[in-house]
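Visitor: The structure that follows is given in the form of structure tokens.
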């Protein structure tokens with residue numbers, strides 16, 4: 001049930017009082033090894049909890065110990081616009097997940113598509129001596145790639161080697177101990193707006209939780225959704241959220257591109273509310289029950305009813321043909337996907353010719369979206385759901401929960417990240433020492 005703003009805040013305050021101060025509760029009862037993922041979206045805030053015994057390396061499956069989700073507040077188009085409301089929503093979602101899991105967590109990792117998430121590819125080549133390649137050579141290649149890098153106002157959240165090469169031989173997974181004259185590297189940096197990063201960290205801390213970092217939502221969704229073959233052969237993951245639509249491109253088993261636009265399912269709802277002169281809540285209900293992004297027969301004669309705006313008891317329902325509803329939805333969905341397609345072309349990202357499209361996110365469940373995506377991208381399209389998480393309740397196993405599930409996959413099976421976790425004090429460089437962070441990635445992943 002949707003809570004009023006005052007009720008929501010009151011519930012949060014009451015939870016703090018019961019805990020005797022949530023900070024003390026976390027320090028006293030937080031168990032090491034518990035992983036908490038918070039998906040901070042414009043339509044919902046979801047929390048997944050995983051205990052250490054929930055990881056099964058033998059078949060790479062997970063067990064989610066607790067799930068909690070609430071209607072999002074204080075978030076618009078992927079950005080926090082009201083800190084108190086966002087903090088309250090985070091605290092409530094985590095508390096519900098803790099209640100289900102019967103445990104307490106100290107810190108959370110946040111997935112988001114906000115903050116103008118974008119990626120940048122770098123390359124370098126270094127000369128080698130007459131000896132096997134070592135970690136020091138890999139670090140020299142990374143240092144050469146990021147030499148002179150300046151990203152003012154941006155926070156690096158992922159540092160991912162795309163591919164190594166030795167003497168032009170591509171597809172090398174681990175070049176260490178190999179011999180050659182030249183070592184080549186292609187590197188991907190994913191960054192977001194520094195101020196948005198700091199605001200998210202502040203929201204988490206206001207909820208009396210430790211902030212453990214940010215994961216780009218499309219990257220997390222890809223980890224939860226894509227099969228190994230899809231990563232190797234090429235795939236484009238499109239995460240259609242309430243306030244943004246983002247994508248992650250995989251090629252040769254590596255993440256090669258990340259991007260996002262601030263248009264999502266919430267904009268479709270607003271279009272419906274304007275077009276039918278109904279409320280936002282009424283538009284969302286009508287969109288869910290009767291909406292579609294493609295036309296069908298007999299729609300001109302099929303009528304739908306929507307509640308009127310305002311609280312006039314004498315006002316009757318808004319009656320309109322179903323064709324009008326679809327005429328509002330279809331152009332927005334097509335425009336969103338076309339904008340994403342054009343941005344992908346302009347980026348120059350390596351996209352495999354046979355790469356398919358995988359749709360995730362709550363907005364991808366709207367009828368007809370898959371068919372529109374097939375037409376726009378001219379590629380095979382499927383709807384993605386969290387994989388390898390058996391026994392997940394039906395209510396939390398849909399496309400809308402892929403990002404939260406992906407954060408757990410990343411914590412359990414990697415890839416480990418060299419990007420920064422906690423915000424730096426004011427005045428320090430946003431990108432920090434990239435080489436030292438990638439060195440940590442090398443030690444844990446290669």
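Visitor: Tell me yes or no: at least one residue of the range 112-119 is without any contact (Cβ under 8 Å) to a residue 60 or more places away in the chain, surrounded by 24 or more Cβ atoms within 10 Å (Cβ to Cβ), under 23 Å from residue 205 (Cβ atoms) and touching a helix residue (DSSP H, G or I) at 6+ places or on another chain (Cβ under 6 Å).
Guide: no
Visitor: Do the conditions hold for residue 55, that is, is it assigned by TED's automatic domain parsing to the domain that holds residue 406 and either within 18 Å of the chain's Cα centre (by Cα) or buried (at least 23 other Cβ atoms within 10 Å of the Cβ) (or both)?
Guide: no
A quick yes/no check of all residues on (1) modelled with pLDDT under 90; (2) within 24 Å of residue 81 (Cβ to Cβ):
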residue	(1), (2)
142	yes, no
170	yes, no
180	no, no
196	no, yes
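Visitor: Of the residues that make up the range 333-344, is at least one in the same structural domain as residue 234 (by TED's automatic domain parsing), in contact with a strand residue (DSSP E or B) (Cβ under 7 Å, 6 or more places away or on another chain) and either more than 18 Å from residue 218 (Cα to Cα) or at pLDDT below 95 (or both)?
Guide: Checking the range 333-344: not a single residue is in the same structural domain as residue 234 (by TED's automatic domain parsing), in contact with a strand residue (DSSP E or B) (Cβ under 7 Å, 6 or more places away or on another chain) and either more than 18 Å from residue 218 (Cα to Cα) or at pLDDT below 95 (or both).
Residue-by-condition table, conditions (1) in contact with a helix residue (DSSP H, G or I) (Cβ under 9 Å, 6 or more places away or on another chain); (2) in a loop (DSSP other than H, G, I, E, B); (3) surrounded by fewer than 21 Cβ atoms within 10 Å (Cβ to Cβ):
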{"position": "89", "(1), (2), (3)": "yes, no, no"}
{"position": "100", "(1), (2), (3)": "no, no, yes"}
{"position": "109", "(1), (2), (3)": "yes, no, no"}
{"position": "143", "(1), (2), (3)": "yes, no, yes"}
{"position": "155", "(1), (2), (3)": "yes, no, no"}
{"position": "163", "(1), (2), (3)": "no, no, yes"}
{"position": "175", "(1), (2), (3)": "yes, yes, no"}
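Visitor: Name every residue in the range 121-141 that is assigned to a helix (DSSP H, G or I), touching a residue at least 24 places away in the same chain (Cβ under 8 Å) and surrounded by fewer than 16 Cβ atoms within 10 Å (Cβ to Cβ), in order of residue number.
Guide: Result: 135, single match.
Visitor: Identify all residues within the range 377-388 that are touching a residue at least 40 places away in the same chain (Cβ under 8 Å) and either under 20 Å from the mean Cα position of the chain (by Cα) or surrounded by fewer than 19 Cβ atoms within 10 Å (Cβ to Cβ) (or both); write none if there are none.
Guide: If the condition is that a residue be touching a residue at least 40 places away in the same chain (Cβ under 8 Å) and either under 20 Å from the mean Cα position of the chain (by Cα) or surrounded by fewer than 19 Cβ atoms within 10 Å (Cβ to Cβ) (or both), then 379, 384, 385, 386, 387, 388 are the ones that fit.
Visitor: Does the range 227-247 hold any residues that are closer than 16 Å to residue 400 by Cα and either touching a strand residue (DSSP E or B) at 6+ places or on another chain (Cβ under 7 Å) or in a strand (DSSP E or B) (or both), and which are they?
Guide: 237, 238, 239, 240, 243, 244, 245, 246, 247, listed by residue number.
Visitor: If you scan the range 280-308, which residues turn out to be outside any strand (DSSP E or B), free of Cβ contacts under 8 Å to residues at least 40 places away in the same chain and buried (at least 16 other Cβ atoms within 10 Å of the Cβ)?
Guide: 282, 283, 284, 285, 286, 290, 299, 307
Visitor: Being at positive phi, touching a residue at least 24 places away in the same chain (Cβ under 8 Å), part of a strand (DSSP E or B) and within 23 Å of the chain's Cα centre (by Cα) is true for just one of 171, 213. Which residue is that?
Guide: Step by step, each of 171, 213 is checked, and only 213 is at positive phi, touching a residue at least 24 places away in the same chain (Cβ under 8 Å), part of a strand (DSSP E or B) and within 23 Å of the chain's Cα centre (by Cα).
Visitor: With respect to residue 356, determine if the residue is in the same structural domain as residue 45 (by TED's automatic domain parsing) and on the phi < 0 side of the Ramachandran plot.
Guide: Taking the combined requirement at face value, the residue does not satisfy it.
Visitor: Could you give every pair whose Cβ atoms fall below 7 Å, whose first residue belongs to the range 182-193 and is free of Cβ contacts under 8 Å to residues at least 60 places away in the same chain, and whose second residue is outside any strand (DSSP E or B), counting only separations of at least 6 or pairs across chains?
Guide: Pairs that qualify, where the first residue is free of Cβ contacts under 8 Å to residues at least 60 places away in the same chain and the partner is outside any strand (DSSP E or B), are 182/128; 182/167; 183/128; 183/133; 183/137; 183/141; 183/175.
Visitor: Same structure, new question: Given (1) over 24 Å from the mean Cα position of the chain (by Cα); (2) under 30 Å from residue 402 (Cβ atoms); (3) assigned to a loop (DSSP other than H, G, I, E, B), identify the lone condition not met by residue 115.
Guide: Result: residue 115 passes all but (1).
Visitor: Something else now. Consider residue 391 against the criteria (1) surrounded by fewer than 19 Cβ atoms within 10 Å (Cβ to Cβ); (2) more than 21 Å from residue 242 (Cα to Cα); (3) at pLDDT 95 or above: it satisfies all of them except one. Which criterion is unmet?
Guide: If we test residue 391 against (1) surrounded by fewer than 19 Cβ atoms within 10 Å (Cβ to Cβ); (2) more than 21 Å from residue 242 (Cα to Cα); (3) at pLDDT 95 or above, just (3) comes out false.
Visitor: Condition first: within 17 Å of residue 267 (Cβ to Cβ) and part of a loop (DSSP other than H, G, I, E, B). Now tell me which residues in the range 334-386 satisfy that.
Guide: Those that are within 17 Å of residue 267 (Cβ to Cβ) and part of a loop (DSSP other than H, G, I, E, B): 361, 366, 368.
The values are calculated or read from the model by the stated rules, or taken from the named source; none is laboratory data. What you are looking at is a predicted structure, and each value in this text was computed from that prediction instead of being measured. Virtual Cβ from ideal backbone geometry, glycine too; neighbours counted across all protein chains shown.
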